[in-house]
Every structure is written in structure tokens, then in C-alpha cells.
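Every read-out reported here was derived from the displayed coordinates using simple, explicitly stated rules and does not represent laboratory data. Just so we're clear, the structure is a prediction, and the values are computed from it rather than from any experiment. So basically every Cβ, Gly included, is an ideal-geometry build from the backbone, and we count neighbours across all protein chains shown.
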Amino acid sequence: MAKSKRVLNFHIDDSEHLIEIMEGLSNLNVDLEADSTPSSVKVTIYGSREKIKNTSKKIRSLVEEAKSS
């Protein structure tokens, strides 16, 4: 099975938002990298297309939850 990658970029509001996102990412059981700047988070996901698709949905949901709290 070929390994693919996908890069997701998200704007963050403050350091609390960043911490919530990073904690959520650490709970996912996938191969990923997360890089942050003061105003954004860049998440690179590695794996099969199906795994990447499912993980992308989970990460988007996580980011939305962090923004609403």
C-alpha cells in the first residue's frame, strides 16, 4: 500500500487554543507531525488515503471544538 501525506494548516487565536489542539493531536494514533507558530499550526499526516481522510476529519473537528471552548 502506498504511503501518502497531507498537510493541514489552521489559524490559532492564542496559546490556550494551541495547547488544546496539541493535546488532542497527541491522543490520535496516527503518524503525523505538528509545527506551530504564534498564529498557526501546520499538521502533516502520513498513511494510506483512507487513514488520512479519516484523520483529517478528526483533526478538523478537534480544531473546531478548541475554538468554541
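Here the calculated FRET efficiency for S26 and S4, from their Cβ-Cβ distance with R0 = 25 Å, stands at 0.70, rounded to the nearest 0.05.
Taking the Cα centre of the chain as origin and assigning +1 to Lys and Arg Cβ atoms and -1 to Asp and Glu Cβ atoms, the resulting dipole is close to 640 debye. Along the axis of the charge dipole computed for the stretch 4-68 (Cβ charges of +1 for Lys and Arg, -1 for Asp and Glu, origin at the Cα centre), the listed residues S61, I21, S39 are led at the positive end by S61. According to the Cα-based calculation, Rg over Rh for the chain is 0.97, with Rh computed by the Kirkwood formula. Hey, what angle do you get for helix 15-26 against the long axis of the chain, alpha-carbon based, 0 to 90 degrees rounded to 10? Once rounded, one gets 20 degrees. Seen against the Cα atoms of the chain and their longest principal axis, helix 49-68 is set at about 10 degrees.
Over all other residues within a Cβ to Cβ distance under 13 Å of R60, the charged ones net out to +3, with Lys and Arg as +1 and Asp and Glu as -1. Computed on the chain, with alpha-carbon pairs under 8 angstrom and 6+ residues apart, the relative contact order is 43 percent. The trypsin sites (Lys or Arg not before Pro) found in the stretch 1-63 that occupy coil by DSSP, while having at most 11 further C-beta atoms within 10 Å, are K3. Local charge for L25 was computed over the other residues whose Cβ lies under 13 Å away, with Lys and Arg +1 and Asp and Glu -1, and equals -3.
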